[in-house]
Amino acid sequence: MLVSVKQGAFELTTSGCLARCALPPGASSDIVTGMKFHKIWVQQCRATRRIKRRFGAESALDYLLGEKLLIFAETADQRPEFAAELPRFSGRGVERLQPIELAGYLTTLKPPRRKKLQKLLYVSRCSSSHQAS
């Protein structure tokens, strides 16, 4: 997700969509600061359920894991509020997936991308199982 503020407007880019919102005259870019972009994963998980019903498991996995989770993880390397949400995102993102779907999806990916996702998903499952005990 990319947010940029220029000349009285801000742009929010997510999954290839661009939304431009005009800021009121005299408003500063601080309006963007109040938004909780690090919580966007909740809506992305909800969208994944709709994608799965409409387009199938592969499309849903590609959207959530192949796109959103990887981007979120890259952002988490630089932003602590995203890093704090990453285990919840990766855990909740896969909790409703069938293990066979997840395993099948991972085998379709190129090795570097597959290893990144496996690491994210493994760390998430380990941290959530430790918290449960």
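The values are calculated or read from the model by the stated rules, or taken from the named source; none is laboratory data. Since this is a predicted model, take the numbers as computed values, not measurements. For neighbour counting, all protein chains shown are included, and Cβ atoms are generated from backbone atoms with ideal geometry for every residue, glycine included.
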**Report entry** Number of positions in region 44-53 that are among the polar types (S, T, N, Q) and farther than 13 Å from residue 72 by Cα
**Finding:** 1
Report task. Name the residue, out of 56, 26, 66, 16, that is over 17 Å from residue 120 (Cα atoms), small (Gly, Ala, Ser) and modelled with pLDDT of 90 or more. Result -> 56
**Report entry** Residues of region 80-95 satisfying the condition of being touching a helix residue (DSSP H, G or I) at 6+ places or on another chain (Cβ under 7 Å) and either surrounded by fewer than 13 Cβ atoms within 10 Å (Cβ to Cβ) or not aromatic (Phe, Trp, Tyr) (or both)
**Finding:** 81, 83, 85, 86, 87, 90, 91, 92, 93, 94
**Report entry** Evaluation of residue 52 against (1) touching an Asp or Glu at 6+ places or on another chain (Cβ under 8 Å); (2) buried (at least 18 other Cβ atoms within 10 Å of the Cβ); (3) free of Cβ contacts under 8 Å to residues at least 12 places away in the same chain (one fails), failing number
**Finding:** (1)
